[in-house]
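Q: This is the structure, below, for whatever I ask next.
Here, each number is a calculation from the coordinates, and none is a lab measurement. Quantities reported herein were computed from a predicted structural model and do not represent experimental measurements. All Cβ positions, even for glycine, are placed from backbone atoms using ideal geometry, and neighbour counts span all protein chains on display.
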Amino acid sequence: MKSEKKLLFGEVLVSQLQHNLSRCKSARDKQLFTRVIAGNLLKKYKLLKVSSSLISPRCSRQYGNTHSLNYHRNKKSNALQDEVKTAVSSFFEEDANSCMAPGKNDTITCKNVKKQKRYLVDSLENLHTNFLKSHKFRISYTSFCHLKPFRVVQPNVTACNTCICIKHANFQYITVKLHQLKVIAQK
């Protein structure tokens, strides 16, 4: 009687595990579920074939020897390498490609990190072609723009600290017109 209960318990446990596995939607849940099921005891008692209905042999090999239930995100095969990221970041921060903002208040904050702004000297398309010429990396334009540091921004005409009031703007227009009329030699 006792062995029949154990067999029944084992069958019910397997069907419950199959049901729980079918309800797992994300890769994180499936990985944690596999870590709970996989182990060396299945190998010891030669039950890997029985467990193959629940988990694949590859998952059993991969997670069978782990002792913790921590989730490890698998790196994508098309993920950018760290050396490409640092090369693009250092390229953007070179003085030939961007210049430091002059004002004390020209800062930008991202994720509680406050940095001095740098303004781009050229368009992103031209910088991308210059990067491809000067480096051995082949990187798409979209990835290049995505890797741009947050502190490197496009120059904005309205955000400059110079005076462009009516009086000074009119003075500039007057000098341009005097130059066109050849009253003065210089602009």
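Q: Could you check the simple spin-label distance between CYS24 and ASN126, using points 7 Å along Cα→Cβ, in nm with one decimal?
A: 5.3 nm
Q: Efficiency by 1/(1 + (r/R0)^6): what FRET value for LYS85 and ASN156, r their Cβ-Cβ distance, R0 = 35 Å, to the nearest 0.05?
A: 0.85
Q: Once you have the Cα-Cα distance between TYR119 and MET100, take 0.36 nm times their residue separation minus that, and quote the gain in nm to one decimal. Each step should come with its number before you reach the end.
A: On the way: separation 19, 0.36 × 19 = 6.84 nm, distance 0.64 nm.
Length gained, TYR119 through MET100: 6.2 nm.
Q: Once a ≥ b ≥ c are taken as the square roots of the eigenvalues of the Cα gyration tensor of region 82-159, is the result rounded (a/c under 1.5), prolate (a/b larger than b/c) or oblate (a/b not larger than b/c)?
A: It comes out prolate by the Cα gyration axes.
Q: Points 7 angstrom from Cα along the Cβ direction at LYS177 and HIS146: gap in nanometres?
A: 5.3 nm
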